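Before any comments, here is the structure.
Only the coordinates and a few stated rules stand behind these numbers; no lab work does. Fair warning: this is a prediction, and the values are worked out from it, not measured in the lab. Reconstructed Cβ throughout: ideal geometry from the backbone, glycine too, with neighbour counts over all protein chains shown.
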Amino acid sequence: MNETNPRLTARILWYAFVLGVVFYYLLAYILRHTGHLLELSLPENYRVPVFVAALFFSFALLLVLLGVKGKRDALLGQDKPAEYLRNSLMMFALSEVPAVLGLALFLAWQNLQWMLVLTVFALIGLFISRPE
């Protein structure tokens, strides 16, 4: 049986998630500059509280990723490649959440700067969770 290297597989998945996060921002940028924006009637007084909540959530995710990274990396030393890949995928998915929140906030209130801030949080999370 030919087994794949779990680090190589995790790196390929990591690059896919990084490209996905960058794509979310590019999508928002293109929508903003072409004028193809959604007309949502969401209350303006929710803008700042929702963004602040997204920032706190994103920061908390970064702390979780820092805590989980060491445990995930120790799995390779224990010869548990399936668990390593599962934990890597979970970390990548959690890292992507701020970018998805940023895209949702952009679609709701067309604020590209907020999208950029949350995309940076997602990229930091992906940097933290990248396979060695």
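If you stretched the chain out fully between residue 32 and residue 86, how much longer would it get, using 0.36 nm times the residue separation minus the C-alpha to C-alpha distance? Show your work: numbers first, answer last.
On the way: separation 54, 0.36 × 54 = 19.44 nm, distance 3.60 nm.
The span from residue 32 to residue 86 would gain 15.8 nm if fully extended.
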### Task
Return the single residue from 112, 65, 40 with maximal mean-square fluctuation; model: Gaussian network over the chain, springs between Cα atoms under 10 Å.
40
### Message
Among 45, 87, 111, which one shows the highest mean-square fluctuation when the chain is modelled as a Gaussian network with alpha-carbon springs under 10 Å?
### Response
45
### Task
Go through region 74-83 residue by residue and turn each phi into a ³J(HN,Hα) via Karplus (6.51, -1.76, 1.60, θ = phi - 60°); whole Hz please, and just put x for glycine and proline.
5, 5, 5, x, 8, 6, 10, x, 5, 5
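Can you check what the net charge comes to around residue 69, using other residues whose Cβ is under 13 Å from the Cβ of residue 69 (Lys, Arg +1; Asp, Glu -1)? Let's see the in-between values first.
Details: positive: 71, 72, 130; negative: 73, 132.
Computed value for this residue: +1.
Loop-only GluC sites (Glu not before Pro) in region 1-98, please: DSSP not H, G, I, E or B, and at most 12 other Cβ atoms within 10 Å. Let's see the in-between values first.
Numbers: sites: 3, 39, 44, 83, 96; in loops: 3, 39.
Passing sites in region 1-98 are 3, 39.
Treat every Asp and Glu Cβ in the chain as -1 and every Lys and Arg Cβ as +1, leave all other atoms uncharged, and give the resulting dipole magnitude about the Cα centre to the nearest 20 debye.
On the way: 10 positive and 8 negative charges, 38 e Å.
It works out to roughly 180 debye.
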### Message
Computed from the coordinates I sent, Rg and Dmax of the Cα atoms in Å equals one of (i) 17.0, 59; (ii) 16.4, 57; (iii) 29.8, 102. Tell me the label.
### Response
(i)
### Task
Of the options 53, 35, 65, report the single residue whose Cα projects farthest towards the positive end of the charge dipole of the chain (beta-carbon charges: Lys, Arg +1; Asp, Glu -1).
65
### Query
Under the Karplus relation 6.51 cos²θ - 1.76 cosθ + 1.60, θ = phi - 60°, what is the ordered set of whole-Hz ³J(HN,Hα) values for region 112-125, x standing for Gly and Pro?
6, 5, 5, 4, 5, 4, 6, 5, 5, 4, 5, 5, 5, x
### Query
At what distance in nm do the modelled label points of residue 53 and residue 79 sit from each other, each positioned 7 Å from its Cα along Cα→Cβ?
4.8
